[in-house]
């Protein structure tokens, strides 16, 4: 990205983008890093300061009760709200494997009876 | 897409799910339960840590009238006594019913339901499932019940943007289907707002993402008045530092029930006594007083490094901590917290909204066809909610709203022309548009405005400044950029959230400016005393030009 976030330490993210089954594309983001910060913090920062169109699921915001913010970080399925950022390498973020992808990091995780049809 | 239902329920937390169950039980053939988040996984219910107040009389002699007495005292003279009475009288019915549905209330060895004494209660009255797990258990139990009822249709990720009015009555809603980005119209005989509160409009909050105050904006725009909007409950000891993840920031509450703990200012001094609390080892200070005391200590330069105060358990033996909280101690250790060796920092965090939609005992608003339930309702808790009253409020008011809405006679029929403007707005914004600012950034700014000037300590100058800044944000709605692509477009959803949250924020701020005294959760630095003649509720209304005004109550 063109503009560095303010503050000294940063973390680097590579985030899978695109709707439906479009070919894989990754956007690189540089985000502020503070001790204890999470992947969810970084995604919310990107939404507010770099790209408001980044689609992701989250609800309870770090209480880890809603279980909505599941995604894959470096190929491992985790919760964004409990996964700490690291500053020494680029973290690669993908939507959940094996699910229908709707957009960016959002998959169809709704129970089938809760969808409009 | 056009849907038709008997009862439309907007919001699927505890109140919405109970309303759906009750509406079906009362004979509604079609119940539509929708949420902008996921059904039964967003909202406040699932976030509840522990206490649920009900006069079950399992641990000691109790009576719902005593629960009512405590509720009215906590409400600082402003509770609607009829609504508070409904809440206290029917809480045991709902809590017992949840028990029959296997929610798993904690029991003593004797088999009795365990009840603890929470701050403000005159006796042990608060039951729980597990000390950090009550909300998730309540939500899971209601999800299970809802899923067993064929009459209830559930839809997740459907955001109501506007209510549809015909001849002065609410006849349904227009919604944004987040997955497709397309508008959906919903014709309903009765509509229940169960969207929860507005604490998400504060920088530090314990809210789910879907609690930006949508329901208040919908009600005002339909012509329904709000009441007690100036009273936002700040949970006094929200976690502040060190950074804690995977646990709700209000999780220190159960620790204090079990072990007491000491609140200390930055100099390590106990300070609650300076603010009229007699708290010693037990956890007894009401939330409004504790939040005020902490905020004042910080303002006086006696705060902790991150701008709060210390909560210390260092005086307790490590074995006592381990015995009380075994596995949780490990979760804390993973966050670098060792309670035996160092205190944590805490500070007030927006937690619950006392204000809300004016309803009668059937949960009907003054607008035909429109009902409300749960935290979205105003009045039962006055100027300060008693600990443990939020979950019973969700269940009791939800049950009533569902039952009475199911029996409602049609007020007016659906009319496409009344929905056109809202439908077209969704279509037009979904085309995408260029702009200079992101709604997500403006939402952050809104949270800063509310935290800075409409928080636990208020002044006329600060509230006027907040109104100016809210006006600027409202003007900026027209400058928001929306990237093209309708499906799952967060910029589109954010625009609607910002629009609704600005209405809710203005309602709080105007009511706070109009109340020229201090009472409960509303503390004015420029009017520090409670004035007996002002012990009455204010209402907030919106006129047909969208102007929001507060007026003294009756």
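Things worth noting here:
- Shape call, the range A:10-100: gyration tensor on alpha carbons, a/c limit 1.5: rounded
- For B:529, B:35, B:360, B:80, order by how many other beta-carbon atoms lie within 10 Å, fewest first: B:529, B:360, B:80, B:35
- To the nearest ten degrees, helix B:14-25 and the longest principal axis of the Cα atoms of chain B are 50 degrees apart.
- Whole-angstrom gap from the range A:77-98 to the range B:414-459, using each part's C-alpha centre: 30
- Top of A:19, A:55, A:80 by mean-square fluctuation, Gaussian network on chain A, Cα under 10 Å: A:19
- Computing FRET efficiency as 1/(1 + (r/R0)^6) for residue B:551 and residue B:415, where r is the C-beta to C-beta distance and R0 is 41 Å, gives about 0.85.
- Between the range B:13-52 and the range B:244-266, the Cα center-to-center distance that results, in Å: 29
- For the pair residue B:69 and residue A:87, label points projected 7 Å from Cα toward Cβ lie 5.8 nm apart.
- Acute angle (nearest 10 degrees) that the helix B:390-406 long axis makes with the longest principal axis of chain B, alpha-carbon atoms: 20
- Between 0 and 90°, nearest 10: helix B:287-299 axis offset from chain B longest Cα axis: 80
- Remark: mean inter-chain Cβ contacts per residue of A:41-54 equal 5, using a 10 Å Cβ-Cβ cutoff to other protein chain atoms.
- Among B:215-227, B:425-437, the order from most to least packed when residues are scored by Cβ within 10 Å on average: B:215-227, B:425-437
- For the range B:80-239, the Kirkwood estimate of hydrodynamic radius, built from reciprocal distances between every pair of different alpha carbons, is 19.2 Å.
- Share of pairwise Cα separations in the range B:455-554, more than 24 Å, in percent: 36
- With R₀ fixed at 35 Å, the C-beta to C-beta distance from residue B:543 to residue B:472 puts the FRET efficiency at about 0.95.
- A Förster radius of 45 Å, combined with the Cβ-Cβ distance separating residue B:123 from residue A:108, puts the computed FRET efficiency at roughly 0.35.
- Given their separation in residues at 0.36 nm each and the Cα-Cα distance between them, residue B:109 and residue B:526 gain 144.9 nm when the chain is fully extended.
- Packing here is the average count of other Cβ atoms within 10 Å per residue, and on that basis the peptides B:500-506, B:239-245, highest first, run B:500-506, B:239-245.
- Simple spin-label estimate for residue B:461 and residue B:273 gives 3.4 nm between the two label positions (7 Å along the Cα-to-Cβ direction from each Cα).
- Stokes-Einstein D (µm²/s) once Rh is taken as the Kirkwood radius of the range B:341-433 over alpha-carbon pairs, at 20 °C in 1.002 mPa s: 129
- Ellipticity estimate at 222 nm from DSSP helix runs (n ≥ 4, -39,500 (n - 2.57)) divided over chain B, nearest 500: -11500 deg cm²/dmol
- Viscosity 0.692 mPa s, 37 °C: Kirkwood-radius Stokes-Einstein D of the range B:147-282 over Cα pairs, µm²/s: 172
- Taking other Cβ atoms within 10 Å as a rough exposure proxy, B:359, B:420, B:103 sort from fewest to most as B:420, B:103, B:359.
- Modelled spin labels at residue B:481 and residue A:9, positioned 7 Å past Cα toward Cβ, are 3.0 nm from each other.
- Within 10 Å of the Cβ of each residue in B:26-39, the mean number of Cβ atoms contributed by other protein chains is 2.
- The separation of the range B:479-554 from the range B:339-368, counted between C-alpha centres, amounts to 15 Å.
- Against the rule of thumb 2.2 N^0.38 Å, how large the Cα Rg of the range B:245-305 comes out: 1.14
- The calculated pair-distance distribution of the protein assembly as shown uses every alpha carbon pair, bins of 10 angstrom beginning at 0, and gives 3, 16, 28, 28, 18, 6, 0 percent.
- Ordering A:38, B:459, B:134 from the fewest to the most neighbouring beta carbons within 10 Å gives B:459, A:38, B:134.
- Cα gyration tensor of chain B - equivalent ellipsoid semi-axes, whole Å, descending: 36, 27, 23
- Based on alpha-carbon atoms, the Kirkwood radius and the radius of gyration of the range B:238-348 give Rg/Rh equal to 0.94.
- Radius ratio Rg over Rh of the range B:49-149, counting only Cα atoms, Kirkwood formula for Rh: 0.99
Bear in mind that the values in this text are calculations on the coordinates, not laboratory data. Nothing here was measured: the structure is a model prediction, and the numbers come from that model. Here the Cβ is made from the backbone with ideal geometry for all residues, glycine too, and neighbour counts use every protein chain on show.
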